[in-house]
Structures are given as structure tokens and as C-alpha cells.
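To start, the structure itself, in C-alpha cells.
The values are calculated or read from the model by the stated rules, or taken from the named source; none is laboratory data. No experiment lies behind these values; they were computed from the predicted model shown. Cβ atoms come from the backbone with ideal geometry, glycine included; neighbour counts cover every protein chain shown.
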Amino acid sequence: MYGMQRNVVITESEEPMPGKTIKIRSRDGGEFDCYLATPTTEGKVPAIVLASAVHGVNQDLRDLVEEFASHGVIAAAPDLFWRSIPGPLAHDDERTKQRSQPRLEKIKAGEADMADTLAYLRTLPAFNGRAAAIGFCYGGPYAILGPKRLGYAAGISCHGTQLLAFLPELEGVTAPVAILWGDQDHQAPPDVLTAYRAVPARMPNVEVHIFPGVLHGYMMPDSKAFNQPAREFSMTRALAILNAFSGKRFLTLGEVAQATGLDKATIVRMLETLEHEGYVLRAPDQPIYMATGRTLLLSQGYDRHLWIGSVAEPILGAFRQKIGWPSDVALADRDAMVVVQTSRGQGPMSFNRRPGGYRASILLTSLGRCYLAFCPKEEREAVIARLAAEPGAATDLARQPRKLKSILDETRERGFAVMDPLYGTSEFGGMVWAIGVPVMGGDEVFCAMNLMMLTSAVDLEEAKAKFLGPLKAAASELGEALAAKKSAALAPAGE
């Protein structure tokens with residue numbers, strides 16, 4: 001995986017780890033301040049270097065350094081402005097503009113500081129040699145420059161600025177990169193968001209997350225834009241990347257018992273189950289265990305809607321431009337289809353746009369019917385049984401097995417599903433209807449994609465003749481992109 005040295009799993013302590021300001025010698029001569037916090041964990045751990053906003057290493061950033069250290073990683077925040085106006089500045093201090101311009105020139109100079117900070121970390125006995133660069137606002141470009149040419153193993157950008165200028169630098173980067181913005185960030189206008197949203201489809205190592213209604217500066221509690229859910233999600237993604245750099249390859253039964261507090265007999269039974277399911281591998285010659293790449297699927301289930309939505313967005317946008325009618329992408333969640341991306345809000349017709357996370361009927365929508373028709377038989381039967389036990393008109397079809405089987409058989413035969421007219425009447429007043437197709441990668445059904453049209457403008461025969469082919473092509477493009485992203489996540493390290 002990432003070497004055989006003794007590592008530890010990142011954990012969270014009860015209190016932030018206190019930091020201290022140290023001096024780092026610059027390759028350009030002189031030295032600069034760096035706020036450093038180290039965990040008390042035994043063994044070698046990864047590190048994260050925080051590239052600040054124009055306000056510098058203020059209390060918000062120092063708190064972040066200490067928070068990262070409380071999760072068991074070394075955290076450092078260098079003063080990127082030491083050459084001109086050093087130290088933290090208040091939000092209303094006009095000198096923040098002076099010391100950060102000309103922007104591209106200043107960012108270039110700061111590359112040396114980020115590299116020198118990493119070089120200093122390599123002198124620490126506790127450092128395992130793998131570090132991520134995380135940038136905020138002004139520091140955002142270092143999420144790309146860090147893994148591109150400064151020796152960092154990953155990059156994370158939170159509400160980064162000037163990133164359009166650094167988009168070409170992503171080419172050739174194979175390390176994990178996460179880019180996060182709010183869709184109301186004035187420093188990331190629509191052209192920037194559109195450009196970056198298109199990246200994950202061609203670069204599986206890159207993830208882009210756009211938070212609806214979130215402003216610039218959401219990570220900082222001292223900012224009016226502070227948004228707790230967006231901050232928590234961003235920290236989760238950063239820590240997930242760091243966890244990949246920290247995991248000890250093999251664990252003994254004793255180490256698992258110490259970490260979990262369970263007795264060894266219970267652990268043996270659990271490990272045997274995990275080994276059978278492919279999540280754990282036992283060494284052939286001794287009772288030590290390691291996690292396999294399949295464990296990535298456990299977290300994938302949690303944020304599956306996010307990565308499917310991010311990959312789908314540029315494809316939906318291009319499809320809407322080409323066809324003119326809007327589409328949704330939805331995935332199955334027990335008893336409903338959850339809309340994870342939509343193009344309903346684009347163009348002149350909004351089509352009663354639903355927010356992300358809207359739960360649509362799995363029995364009556366084209367999205368649900370095509371998913372049910374093509375998903376594995378065991379999953380289909382479980383969903384239908386669950387719905388049949390729920391009273392109400394919306395689940396009547398689940399209690400009519402012959403009728404439902406006929407609908408699903410017809411869907412499989414012709415390769416697409418049609419929205420139930422009753423659903424169209426209840427949701428859209430009979431003005432809108434839809435066809436849907438499965439989104440597949442090989443034999444796996446990831447989700448479903450529809451095409452919504454006005455009943456007064458397009459009938460079924462015209463939709464089949466004009467739009468079914470392009471809809472299937474777009475769904476196939478999405479399926480291939482999702483399969484590639486999943487394959488990249490499961491690939492062994494170093495490939």
C-alpha cells in the first residue's frame with residue numbers, strides 16, 4: 001500500500017492539540033514563522049500543510065491546525081507573506097490586498113515556502129513522509145501546485161481563488177485532489193465552477209464538490225460566510241485523504257482488540273466474516289490482517305450521491321444544451337429514487353425544479369421503473385416487498401405483481417421506461433412527462449437518467465425517434481465515467 005513502516009490509524013482526541021510557532025529557514029535566505037501542532041500518537045503519521053487566506057495565520061487558521069493535530073496528524077501553517085507584510089491581519093486591514101498582489105507572482109513565490117515547510121516536516125521523526133496541502137481562498141492554488149511539483153501526496157482547496165489560472169496545472173496530476181466551493185462564492189463565478197465540474201469525468205483522482213447556497217469563506221468561524229455543514233464535510237474529505245496515508249498495512253489480533261475494546265473471540269468471528277466478504281485479507285503464514293481496496297466501497301455508499309452528482313453535472317449540462325429538454329440523475333435509496341443532479345434549472349423552462357436530495361417515486365417515475373427493470377433480481381424483489389408493506393396509493397403497484405412485472409418486462413425489452421401518467425398529473429398537472437434509461441458501467445447499474453418534456457410538445461413516438469438515442473448515449477457516457485472513477489478508487493496504490 002504505502003510502505004511497511006509503523007503507522008497508526010488517524011483518531012480524534014478529546015481536545016485540540018496545542019500548537020507553537022517555530023522558525024523555518026527559507027531556501028531564498030532568511031526564515032519565516034510557521035504554526036505547528038503535533039499529535040501525541042505513537043508511531044509515524046502523515047502531515048497536512050495549511051496555506052492561508054490573505055489574512056495569514058490568524059486564530060481561525062491556528063484553530064484548524066490544532067484540530068487536524070487532534071485527529072492524529074502533524075499540521076503546519078507557514079506565513080506565506082513574510083517577505084512583505086508578515087503575520088496575521090484583520091479582515092478589514094487594507095494591507096491584505098497590498099501583500100497579496102500581484103497575485104500570480106505572489107503565489108509563485110509562496111511555492112518555495114510550501115516546499116520548505118515540507119522539507120522541515122521531513123526532519124521530524126514522527127512524519128511518515130506523506131503530506132497533503134490544503135489551501136483556503138488565496139492559498140487554494142497550492143492544492144494543485146502541491147501535488148503537481150512541490151512533493152505533496154494530495155491537495156485540498158476550500159473556497160480557493162484564482163483557480164481558473166491553475167486549471168492547466170492539473171494535467172498530469174495523479175495524486176488525490178479535492179476542490180470545494182459554495183455555489184454563491186463570489187470568487188468562483190459560473191465559468192470557474194463549470195470548468196472544474198467537468199474535470200472529474202476525465203480525471204478520476206479529482207473530486208469537485210459545490211455546496212448550494214454557501215458563500216466564500218465558509219470554513220472560517222470568524223467569517224460571516226461560515227457554514228458548519230460545509231466545513232464539516234470539507235474536514236471529512238481532508239481527513240479521509242489523510243487516513244489513506246496513515247493506515248498501518250497489517251494488524252495483529254491483539255492490535256485490533258486494543259483498538260476496538262472487543263474480546264479476541266468476537267474479533268476472530270468478525271474478521272472471518274469480513275474476509276469472506278472480501279473486505280479483509282489474512283496473511284497466509286501468520287494471524288495478521290489488512291484491509292483490502294473493497295473497503296473503499298463502504299465510504300462510497302455514504303457519499304455516493306456526491307460523487308455521482310459531481311460526475312453527472314457536466315454531462316447533464318452538455319446534454320441539455322444539445323437537446324433543449326432537462327434531465328435528472330437519481331440513484332435508488334431503499335424505497336425511492338434520490339435526485340442527485342438535475343438540469344431542470346438551466347434554460348428557459350425550469351420544470352418545477354426540485355432541490356438535490358428530492359425523493360421521487362420508484363414505482364411511478366421513469367427513473368425508478370428503469371432502475372427496477374435493470375437492477376439485480378434480488379435487489380428488485382427486496383424493494384418491491386418493502387413497498388408492498390407500505391399502505392397508500394403510491395405503493396399500490398407493488399401489490400399488483402402481474403401488472404408491475406409486465407411494466408418492467410416491457411421496459412427491459414425496449415430499453416427505456418415511461419413516467420406513469422398519474423404521477424405526471426399529480427406532480428406536474430399533466431403538463432410534463434418523461435422517459436428514463438439506466439446508467440450502467442458493465443453489468444452494474446449505478447443510477448438512472450431521464451429526459452423531461454412537455455406533453456403538448458413531444459409525444460412518445462417523436463421522443464423515441466429524436467431523443468432516445470442521445471439519451472442513451474449520455475447515460476452510457478456517464479456510466480463509463482462512473483465506472484472509471486470507481487475503478488481508480490479500488491486500484492492498488494502505485495498503479
Give Ile362, Ile384, Ile435 a once-over and let me know the one that is more than 27 Å from Ile323 (Cα to Cα) and surrounded by 15 or more Cβ atoms within 10 Å (Cβ to Cβ).
Ile384
Strands (runs of 3 or more DSSP E) completely within the range 14-70 that count 2 or more residues being charged (D, E, K, R)
20-25, 31-37
Residue pairs qualifying under the 7 Å Cβ cut-off, at least six apart or on distinct chains, with the first in the range 28-46 being of a type in the set (Ser, Thr, Tyr) and the second being loosely packed, with under 14 Cβ neighbours inside 10 Å, are Tyr35/Thr21
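Of the residues Pro168, Pro176, Pro190, only one is more than 18 Å from Ser52 (Cβ to Cβ) and surrounded by 19 or more Cβ atoms within 10 Å (Cβ to Cβ); which? Don't jump to the end; show me each part of the working.
Details: Pro168 fails: surrounded by 19 or more Cβ atoms within 10 Å (Cβ to Cβ); Pro190 fails: surrounded by 19 or more Cβ atoms within 10 Å (Cβ to Cβ).
After applying the criteria, what remains is Pro176.
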Just wondering, is there one or more residues in the range 205-215 that are surrounded by fewer than 18 Cβ atoms within 10 Å (Cβ to Cβ), at pLDDT 90 or above, not acidic (Asp, Glu) and not in a helix (DSSP H, G or I)?
no
Residue check, Leu145 against (1) closer than 26 Å to Leu316 by Cα; (2) not in a strand (DSSP E or B), all met but one. Which one?
(1)
Working only within the range 120-130, note down all residues that are in contact with a Gly (Cβ under 8 Å, 6 or more places away or on another chain) and either over 17 Å from Ala47 (Cβ atoms) or modelled with pLDDT of 95 or more (or both).
Arg122
Among the numbered criteria (1) modelled with pLDDT under 70; (2) among the β-branched types (Val, Ile, Thr); (3) outside any helix (DSSP H, G or I), which one does Thr295 miss?
(3)
Is there a residue being out of contact with any Phe, Trp or Tyr (no Cβ under 9 Å at 6 or more places or on another chain), in the same structural domain as Gly29 (by TED's automatic domain parsing), outside any loop (DSSP other than H, G, I, E, B) and at positive phi anywhere in the range 98-110?
no
Quick check on the range 1-55: of everything there that is among the charged types (D, E, K, R) and within 29 Å of the chain's Cα centre (by Cα), which residue is modelled with the highest pLDDT?
Lys44
